[in-house]
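The values are calculated or read from the model by the stated rules, or taken from the named source; none is laboratory data. The shown structure was predicted, so the numbers you read here are calculated from the model rather than taken from an experiment. So basically every Cβ, Gly included, is an ideal-geometry build from the backbone, and we count neighbours across all protein chains shown. Only protein heavy atoms, including side chains, enter the accessible area calculation; ligands, DNA and RNA are left aside. Shrake-Rupley method; radii C 1.70, N 1.55, O 1.52, S 1.80 Å.
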Amino acid sequence: MLRLGFPVIGVTDLPRAVAFWTSALDLKPVSEWESPGWRTLEHADGSGRALGLMRSESPAEAHPRIHLDLLTDTTDEQEAEVERLIGLGAVRVDWDLYPPDPDFVVLADPDGNIFCVVDLSRAPSGPS
């Protein structure tokens, strides 16, 4: 039976990506499938795989069709997390596709991979 696994991010600098994503999402690297071109990250509580990091020579996409949404519950939490992630090496992206009054902030990881930090209290599916 087919089942969904976990997201995989292509990166040029595997050790840097491991350091960023483990700190960003409280994950831990595990030896499962470890190689010079692959690291599996799991939840810190040991509840299973969360993210794969794969060595890639291709550049990050400016407007990726698939990306990660990292979720927060409030605007204050979103602002704090954006600043924390920037402190870890993420950068703000001058995103040309923001809607009016966006509920998300677009960032890029140290490899340039785009991801969003979403404030669920302001999301279209959030509380009204």
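Kindly list, by first and then second residue, each pair from a residue in region 62-79 that is open to solvent by less than 70 Å² (accessible area, probe 1.4 Å) to a residue that is among the hydroxyl-bearing types (Ser, Thr, Tyr), limited to pairs with Cβ atoms under 8 Å and residues at least 6 apart or on different chains.
Thr74/Ser121; Thr75/Ser121; Gln78/Thr72
What do you reckon, is Val91 open to solvent by less than 60 Å² (accessible area, probe 1.4 Å) and touching a strand residue (DSSP E or B) at 6+ places or on another chain (Cβ under 6 Å)?
no
Of the residues Pro102, Pro59, Pro36, only one is surrounded by 12 or more Cβ atoms within 10 Å (Cβ to Cβ) and either closer than 26 Å to Asp119 by Cα or not aliphatic (A, V, I, L, M) (or both); which?
Going through Pro102, Pro59, Pro36 in turn, just one is surrounded by 12 or more Cβ atoms within 10 Å (Cβ to Cβ) and either closer than 26 Å to Asp119 by Cα or not aliphatic (A, V, I, L, M) (or both): Pro102.
Show the residue pairs meeting these rules: Cβ distance below 7 Å; 6+ apart or different chains; first residue within region 90-117 and free of Cβ contacts under 8 Å to residues at least 40 places away in the same chain; second residue part of a loop (DSSP other than H, G, I, E, B).
Listed pairs, sorted by first residue: Asp103/Arg122; Asp103/Ala123; Val106/Val93; Val106/Trp95; Leu107/Ala90; Leu107/Val93.
State whether one or more residues within region 51-69 are closer than 18 Å to Gly5 by Cα, modelled with pLDDT of 95 or more and touching a Ser or Thr at 6+ places or on another chain (Cβ under 7 Å).
Looking for residues that are closer than 18 Å to Gly5 by Cα, modelled with pLDDT of 95 or more and touching a Ser or Thr at 6+ places or on another chain (Cβ under 7 Å), one finds at least one in region 51-69, hence yes.
Looking at Ala50, Ala24, Ala19, can you tell me which residue is farther than 17 Å from Gly112 by Cα and in contact with a helix residue (DSSP H, G or I) (Cβ under 9 Å, 6 or more places away or on another chain)?
On inspection, the qualifying residue turns out to be Ala50.
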